[in-house]
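Heads up: the structure comes next, in structure tokens.
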Amino acid sequence: MSESKAPNLPKPVRTLFLIVIVITPLYWLIMTEHGRLSYDQMLLSLFGKDTISLKIENLGADITEEMFLEQFPDVDIVCEDRSTEFGDRLCQASLGAFNELPSQHMSLFFSNNSLQALKVVYQLAYHDLAVEKMEIQVKAEGQPLDFSSEMIQWRTPAGVVLLNRIVPKRHEDAAIMWIAK
């Protein structure tokens with residue numbers, strides 16, 4: 001029986017091949033948007049950050065605090081009585097991702113136990129991805145309401161979604177906001 005042998009490649013070819021095998025994944029992780037997103041999602045998962053996936057178009061004033069907390073029992077959401085411009089109760093959670101978008105935190109605003117607004121602050125580096133995800137998710141409700149302002153606005157069955165048109169200058173302004181009608 002004859003033994004099969006791998007071809008004996010010249011040393012420069014083997015070295016080049018090994019460099020390509022090592023460099024290509026690093027290039028993908030560092031230089032491509034998809035690679036950076038995958039890397040960030042992996043790190044957030046490793047550090048145990050909470051993730052929430054929900055359809056913004058399903059939000060409405062008929063959602064109560066109890067219903068929301070029941071829907072996401074594994075997410076550490078802290079609620080307190082606090083007067084805001086959207087109501088008398090504020091719930092907040094530190095997040096790793098919102099609908100697969102690397103995020104920092106989420107705030108829910110309730111008035112008389114009725115959801116009035118939701119604000120998700122995402123990582124500033126992913127602004128273009130946030131716009132893209134909202135266009136895909138909310139597009140079923142029609143085109144943006146207003147193309148002329150600094151904010152993109154989409155109508156949902158029970159509210160309006162707001163998002164900065166251009167990349168915000170401050171991290172706090174990198175937010176997706178849903179407001180009940």
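Brief remarks follow.
- R0 of 45 Å, Cβ-Cβ distance Met151-Tyr27: FRET efficiency to nearest 0.05: 0.80
- You can think of it this way: the chain between Glu172 and Lys11 has 52.6 nm of extra reach, that is 0.36 nm per residue less the Cα-Cα gap.
- Solvent-accessible surface ranking, highest first, for Ile52, Ile21, Ile63, Ile136 at 1.4 angstrom: Ile136, Ile21, Ile63, Ile52
- Full extension of the chain between Glu132 and Ser83 gives 14.4 nm of extra length, using 0.36 nm per residue less the Cα-Cα distance.
- For Leu54, the residues whose amide H sits under 5 Å from its own are Asn99, ignoring neighbours fewer than 5 places away on the same chain, with H placed 1.01 Å from N.
The values are calculated or read from the model by the stated rules, or taken from the named source; none is laboratory data. Please read all numbers here as calculations on a predicted model, not as lab measurements. Glycine gets a Cβ as well: all are built from the backbone with ideal geometry, and neighbour counts include every protein chain shown. Each accessible area value is taken on the protein alone, full model and side chains, heavy atoms only, with ligands, DNA and RNA left out. Shrake-Rupley method; radii C 1.70, N 1.55, O 1.52, S 1.80 Å.
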